[in-house]
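Read through the structure below, which is laid out as structure tokens, and then see the notes.
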Amino acid sequence: MRGHRMGEFSMYKRVSSRDFTVAADVEDNSVFSQSILDQEIANPSWRLSLPHVLAATLSAFLFGYHLGVVNEPLESISLDLGFNGNTLAEGLVVSTCLGGALIGSLFSGWIADGIGRRRAFQLCALPMIVGASISATTETLAGMLLGRLLVGTGMGLGPPVSSLYVTEVSPPFVRGTYGSFIQIATCLGLMGALFIGIPAREIAGWWRICFWVSTVPAGILALSMMFCAESPHWLYKQGRTAEAEAEFERLLGGAHVKFAMQELSKLDRGDDSDVVHFSELLYGRCFRVVFIGSTLFALQQLSGINAIFYFSSTVFKSAGVPSDLANVFVGIANLSGSVIAMVLMDKLGRKVLLLWSFSGMAVSMGLQVVAASSNMLGSGTLYLSVGGMLMFVFTFAIGAGPVPGLLLPEIFPSRIRAKAMAVCMSVHWVINFFVGLLFLRLLEQLGPRLLYTIFGTFCSMAVVFVKRNVMETKGKSLQEIEIALLPPE
């Protein structure tokens, strides 16, 4: 991996004229000087930053786990807490965490910039531990909702901080691969929640175990951050240059520290310490990148991905597939697409994967529209509907799922990166909430054919938007991307 595309990834090339004066003056030593040059051009070892990235992805695992933790045990929870048959209460248990997630995401940027990335992770883990403990021990619906709200705040804080951290500590030549770990960890969290929840129907009180289990990775996240590197970009913004150099050495190796610091110093640091006002994200020279980021997350949710997840069990049930097996099929499609994205992210690039992904999702929605047509035979309709649904999940996981969370921290300038991510994630949660709230009602009033046509139209709009507005960031340093998007005035 170190030798992969050396000429393309030259971020860490540490060659100064002073170091090679003798070699340049003495032609007989040209071979020797070339060997030194080749050694200096080599990319930093990916092994140094990997443990820090893996620790950060625990927050994504927890995010996925808490999204799915109540799916299987919901019936048992409603029986034990006395709200069985109350669909409003059941809906609140599922969706209260979304309200908490909106709160957490709104403040995530200011928290990450105020106390640093590592402490933000620890702050993210705290409400997840407390909230899960309350949910696991409660005897009332109110206690369950309080626990879910607290967990939701951690869920809202975790993803933007995780995307920030992974982007800022990863070498450019593996940043896309590492960014894909977030999506894979989310998939594993979802599948883990579904797997652990299977005995809930057979064993009384098992749902309490499901909540207790989540406190283990949350505790590991909080503890592991004590030993992980802080983001050198954040340290540099705070004026702590020596500490930034030390962290670069931990993440990249001593041979690459000098050039990494030179890359940071290319950007004007004069206003980095100033307070970023919310209005700066909506007006002026930064508006375009914030608009691109917010629109990407909006189109991601308007594509209908969460509606497909909500409705998948009904489609599979109509095809005679048990809900447990349906969840396995959807989980495999999601995970396999995420793994492929990890392999291709730094080879094909972010923009290509986004175009492929949204195009495939549009085609999948077209299959759903055909399946909803009354002209199709019954068995053909079911197979086409199930196939289209699995294809939709798979193509979503290839690009539209993992890329926005990676691409946005790359295109945002260092000064506004954390707060711009908070704004974009808030857009994500608001649209997520309304899609979940209105999907079933729209399905009843509009019918599946028209609703899937609307989702397919948004996917097609996303293809056009990505082609016209998204730049490729593969292999570029964060500083190179910032200068390209926002050249100095």
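Quick one: would you say Met425 is closer than 20 Å to Lys237 by Cβ, aliphatic (A, V, I, L, M), in contact (Cβ under 8 Å) with a residue 60 or more places away in the chain and open to solvent by less than 60 Å² (accessible area, probe 1.4 Å)?
Taking the combined requirement at face value, the residue does not satisfy it.
Is it true that Ser313 is assigned to a helix (DSSP H, G or I), at pLDDT 85 or above, open to solvent by 10 Å² or more (accessible area, probe 1.4 Å) and hydroxyl-bearing (Ser, Thr, Tyr)?
No; evaluated as a whole, the condition is false for this residue.
Before we move on, is Val151 crowded, with 21+ Cβ neighbours inside 10 Å and touching a Cys at 6+ places or on another chain (Cβ under 8 Å)?
yes
Let me spell it out: the conditions are (1) open to solvent by less than 60 Å² (accessible area, probe 1.4 Å); (2) modelled with pLDDT of 90 or more, and Lys419 meets all of them except one. Which number is the exception?
(2)
Which residues, taken from the stretch 407-416, are touching a Cys at 6+ places or on another chain (Cβ under 8 Å) and surrounded by fewer than 24 Cβ atoms within 10 Å (Cβ to Cβ)?
Answer for the stretch 407-416, where residues must be touching a Cys at 6+ places or on another chain (Cβ under 8 Å) and surrounded by fewer than 24 Cβ atoms within 10 Å (Cβ to Cβ): Pro413, Ile416.
Checking the structure you have, find out if any residue of the stretch 410-419 is part of a helix (DSSP H, G or I) and over 21 Å from Tyr178 (Cα atoms).
Within the stretch 410-419, one or more residues are part of a helix (DSSP H, G or I) and over 21 Å from Tyr178 (Cα atoms).
Return the only residue of Gly253, Gly270 being of a type outside the set (A, V, I, L, M), over 25 Å from the mean Cα position of the chain (by Cα), modelled with pLDDT under 90 and open to solvent by less than 20 Å² (accessible area, probe 1.4 Å).
After applying the criteria, what remains is Gly253.
Looking at Gly100, is it of a type outside the set (Phe, Trp, Tyr) and surrounded by 17 or more Cβ atoms within 10 Å (Cβ to Cβ)?
Yes: the conditions hold for Gly100.
Could you figure out which of (1) more than 30 Å from Leu344 (Cα to Cα); (2) in contact with a Phe, Trp or Tyr (Cβ under 9 Å, 6 or more places away or on another chain); (3) touching a residue at least 24 places away in the same chain (Cβ under 8 Å) isn't true of Pro199?
Result: Pro199 fails condition (3) only.
All but one of (1) aliphatic (A, V, I, L, M); (2) assigned to a helix (DSSP H, G or I); (3) surrounded by 15 or more Cβ atoms within 10 Å (Cβ to Cβ) hold for Ala229; which doesn't?
Only one criterion is unmet by Ala229, namely (2).
So, in the stretch 156-184, exactly how many residues are more than 30 Å from Phe259 (Cα to Cα) and surrounded by fewer than 24 Cβ atoms within 10 Å (Cβ to Cβ)?
1
Can you run down the residue pairs with Cβ atoms below 6 Å, 6 or more apart or on separate chains, where the first is in the stretch 50-67 and touching a residue at least 12 places away in the same chain (Cβ under 8 Å) and under 14 Å from Phe227 (Cα atoms) and the partner is buried (at least 24 other Cβ atoms within 10 Å of the Cβ) and among the aromatic types (Phe, Trp, Tyr)?
Val53/Tyr178; Ala56/Tyr165
Cβ-Cβ below 6 Å, separation at least six or inter-chain, first residue in the stretch 95-123 and in contact (Cβ under 8 Å) with a residue 60 or more places away in the chain, second open to solvent by 40 Å² or more (accessible area, probe 1.4 Å): which pairs?
Between residues of the stretch 95-123 that are in contact (Cβ under 8 Å) with a residue 60 or more places away in the chain and residues that are open to solvent by 40 Å² or more (accessible area, probe 1.4 Å), the close pairs are Leu98/Phe433.
Exactly one of these conditions fails for Cys210: (1) surrounded by fewer than 24 Cβ atoms within 10 Å (Cβ to Cβ); (2) modelled with pLDDT of 90 or more; (3) of a type outside the set (Asp, Glu). Give me its number.
(1)
Which numbered condition in (1) assigned to a helix (DSSP H, G or I); (2) buried (at least 20 other Cβ atoms within 10 Å of the Cβ) is the only one that Asn43 fails?
Answer for Asn43: the failing condition is (1).
Which condition breaks for Val463 when tested against (1) farther than 27 Å from Leu98 by Cα; (2) surrounded by fewer than 13 Cβ atoms within 10 Å (Cβ to Cβ); (3) aliphatic (A, V, I, L, M)?
Among (1) farther than 27 Å from Leu98 by Cα; (2) surrounded by fewer than 13 Cβ atoms within 10 Å (Cβ to Cβ); (3) aliphatic (A, V, I, L, M), Val463 violates only (2).
With the checklist (1) part of a helix (DSSP H, G or I); (2) at pLDDT below 90; (3) touching a helix residue (DSSP H, G or I) at 6+ places or on another chain (Cβ under 6 Å); (4) not β-branched (Val, Ile, Thr) in hand, flag the one item Glu75 doesn't pass.
(3)
Given the conditions (1) under 30 Å from Ser76 (Cβ atoms); (2) open to solvent by 10 Å² or more (accessible area, probe 1.4 Å); (3) within 13 Å of the chain's Cα centre (by Cα), report the number of the one that Ala204 does not fulfil.
(3)
Within the stretch 429-448, restricting attention to residues that are assigned to a helix (DSSP H, G or I) and under 14 Å from Gln368 (Cβ atoms), which residue is least open to solvent (accessible area, probe 1.4 Å)?
It comes out as Phe439.
Out of the helices (runs of 4 or more DSSP H) lying entirely within the stretch 79-190, which hold 2 or more residues that are at pLDDT 95 or above and farther than 24 Å from Met342 by Cβ?
So the answer is 117-137, 141-169.
Which of (1) modelled with pLDDT of 95 or more; (2) within 16 Å of Ser265 (Cα to Cα) does Ala222 not meet, given it meets every other one?
(2) is the only condition that Ala222 fails.
The values are calculated or read from the model by the stated rules, or taken from the named source; none is laboratory data. Computed from a predicted structure; not experimentally measured. All Cβ positions, even for glycine, are placed from backbone atoms using ideal geometry, and neighbour counts span all protein chains on display. When the accessible area is computed, the model is the full protein with side chains, heavy atoms only, and any ligands, DNA or RNA have been set aside. Shrake-Rupley method; radii C 1.70, N 1.55, O 1.52, S 1.80 Å.
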